[in-house]
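Read through the structure below, which is laid out as structure tokens, and then see the notes.
The values are calculated or read from the model by the stated rules, or taken from the named source; none is laboratory data. This is a predicted model, so every value here is computed, not measured. Cβ: placed from backbone, ideal geometry, glycine included. Neighbour counts: every protein chain shown. Each accessible area value is taken on the protein alone, full model and side chains, heavy atoms only, with ligands, DNA and RNA left out. Shrake-Rupley method; radii C 1.70, N 1.55, O 1.52, S 1.80 Å.
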Amino acid sequence: MYINSIILAAGKGKRMNSNLPKPLHKVAGKTFLHWLKETLKKASVSKNIFVLGHNNEKLKKHIEGEEFVIQEPQLGTGHAVKLAKEKIKDHESLIIVAYADTPFIEADTIRKMINQIQNGFKISILGFKTNNPTGYGRIITEKNNEVIRIVEENDANKEIKSITLCNSGVLAGKASDIFEFLDQVELSNNGEYYLTDIVSICAKQGSKIGYIECLEEELIGINNRADQAKAENFIQDRLIQHHLLNGVTLLNPKSVYFDATAEIQKDVIIEPNVFIGPNVKIESQTVIKAFSYLENCSIGKECNIGPYARIRPDTVIENNARIGNFVEIKNSVIGENSKVNHLSYIGDTSIGLKSNIGAGTITCNYDGTNKNKTTIGNNVFIGSNTSLIAPIRINDGSIVGAGSTISKDVKENSIAIERSIQKQFKKRNIITKK
Ligand code: UD1
Ligand code: MG
């Protein structure tokens, strides 16, 4: 069965107080748009049709290659869905209506709605129970839990306002049915065409409307930064559970931040106050010690990272390597069993196997114009407080003496030292008057 989604995103999102369109804000490192699109894809949706407001060039760029319609003026959710009709080729196909600012629905929930349509329901709506229903449309059911209508907050009397089963806005049905019902929707008292009115129209003609209920958290709608922070909190809890159940030990789970893309193998231990940014892969039995910051990097097995390590993009740390405190690594490969244990900057560098980089080693990779590469071989020993002026190559088995500024390549199995001669004088007697 071919499934289309219609994603409503014409609202201005004013309450975010931002120059960025609302769907491009992020939670756990992924835009709302990305969360929603991923879910829809998992639920077997083949095509997304976006309903955009005018002046939304930034958003358009992010949905390049996808279908969209412009809704101007914005006459309500019913009007928005109706505009998408021209983009639907097969009216026997299914439609899922979703909101760009309600991005955390799970694919399973949408699948359940699709099943209801396949089992003979004309429309399936997604509801949730909340202690705080103000502002939402209320779902009115009759015997056998059949839905008969949705009443918007503005039109609700006291009795209806006390109903806690709310409409999420997500809805499914066959395209031909939904557009047929939409043609019968009349203008509401506040000048909008309500999508929700199709429910009573459908019920009146004797067709069945089903509803799926899911957790309130799944349907967090984001209107402002406070909602975004709430969503972040909820998603972080979800990610923490995911990693714990996968066999990762978190000593203080709430203090670790996870980007949604993190891939962490079992028996990894993560100490408190660690930031796991985008595209981080960590293999089993590695320990990430407290206060470390990792992004776009891949860490092998049985490594020790931190405390206070900063692993920047395009870094690969191979099995059994040790990266200690106050070490910054960028765009580099640290080979198996190698160590950078203290206070170093390693940038645009490749280090082989079993090499030891002493405290305070700096790879001087930037000459003010270009970034240059440092290559360090296997079994190399770099003494403390060394500057390696790139481009440079320190070949296998060599030693660089502490305190050196090395600007020429060092041959295999050699010792290089560059240090001014130490001067020494006899101490004068200093007579101090009493
Ligand atoms: C809607 C539902 C309500 C539900 C609530 C859940 C209707 C009539 N009401 O109300 O039952 O409980 O969502 O959050 O559908 N949009 C457009 N074009 C428009 C109007 C809205 O694209 O002309 C988009 C908005 O950008 C937003 C979504 O549709 O993403 C919902 O619009 P909003 O105005 O927030 O609807 P609610 O009044 O909250
Ligand atoms: Mg709303």
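The residues of region 41-59 that are in contact with a Phe, Trp or Tyr (Cβ under 6 Å, 6 or more places away or on another chain) and open to solvent by 70 Å² or more (accessible area, probe 1.4 Å) amount to a single one, 46.
The residues of region 157-186 that are of a type in the set (Gly, Ala, Ser) and either within 16 Å of ligand 2 (Cβ to nearest atom) or buried (at least 18 other Cβ atoms within 10 Å of the Cβ) (or both), listed by number, are 168, 169, 172, 173, 175. For region 25-40, taking the residues that are surrounded by fewer than 19 Cβ atoms within 10 Å (Cβ to Cβ) and assigned to a helix (DSSP H, G or I), the one that is farthest from ligand 1 (Cβ to nearest atom) is identified as 38. From the list 145, 154, 131, the one residue that fits, being open to solvent by 80 Å² or more (accessible area, probe 1.4 Å) and farther than 18 Å from residue 199 by Cβ, is 131. Return yes when residue 71 is polar (S, T, N, Q), under 25 Å from residue 220 (Cα atoms) and open to solvent by 10 Å² or more (accessible area, probe 1.4 Å) and no when it is not. No, not satisfied.
Taking region 187-224 as the range and being within 16 Å of ligand 2 (Cβ to nearest atom) and either open to solvent by 70 Å² or more (accessible area, probe 1.4 Å) or in a loop (DSSP other than H, G, I, E, B) (or both) as the test, the residues that pass are 188, 190, 192, 193, 194, 216, 220, 221, 222, 223, 224. The residues listed here are 86, 72; of these, the one that is away from ligand 2 (no atom under 16 Å from the Cβ), of a type in the set (Asp, Glu) and over 13 Å from residue 11 (Cα atoms) is 86.
Screening residue 354 on (1) open to solvent by less than 80 Å² (accessible area, probe 1.4 Å); (2) on the phi > 0 side of the Ramachandran plot shows it passes everything except condition (1).
The residues in region 42-61 that are part of a helix (DSSP H, G or I) and either touching a residue at least 60 places away in the same chain (Cβ under 8 Å) or hydroxyl-bearing (Ser, Thr, Tyr) (or both) can be counted, and the count is 1.
Taken over region 229-273, the criterion of being within 16 Å of ligand 1 (Cβ to nearest atom) and open to solvent by less than 30 Å² (accessible area, probe 1.4 Å) is satisfied by 231 alone.
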